[in-house]
């Protein structure tokens, strides 16, 4: 059974917009923001070229739209640590692991690379084309992300990183 994604010729506009929204969700981690970014990217491409011509261009436009939004909305707010709620943990090791909190330790590029690789099944070359970066950079992002996740899960489960001499 072939698990590869269909080419642009077999995508409908609705399917392409849905895939773009899923990609935007991996960046924003908020459904409403992801839908807004995907629709904004779609409109930018439609106005400029009259159509959305392919997944690579659409994904790159989504990424750039997201970066522009983050830069526009960048506001630094500080709150005292005394008021911060203590994370709740269950008695069972690994049970209380907060996946969103763990994923927030990844950079946006690392999170996007892991999402496209693990959830969408793309190769490093395909991810590089979608995100506009070299294959080696994609592999570095994926390696760093896996190491960070492995370390976070290992600490939660009580494992320690092996000491090197």
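The values are calculated or read from the model by the stated rules, or taken from the named source; none is laboratory data. Computed from a prediction, not measured in an experiment: that's the story for all the values here. FYI the Cβ positions are ideal-geometry reconstructions off the backbone, even for glycines, and counts take in every protein chain you see.
It is to be established whether one or more residues within segment 119-135 are outside the structural domain of residue 59 (by TED's automatic domain parsing), crowded, with 17+ Cβ neighbours inside 10 Å and over 22 Å from residue 64 (Cβ atoms). No. Filtering segment 41-60 to residues that are touching a residue at least 24 places away in the same chain (Cβ under 8 Å) and part of a helix (DSSP H, G or I) leaves 41, 42, 55, 56, 58, 59, 60.
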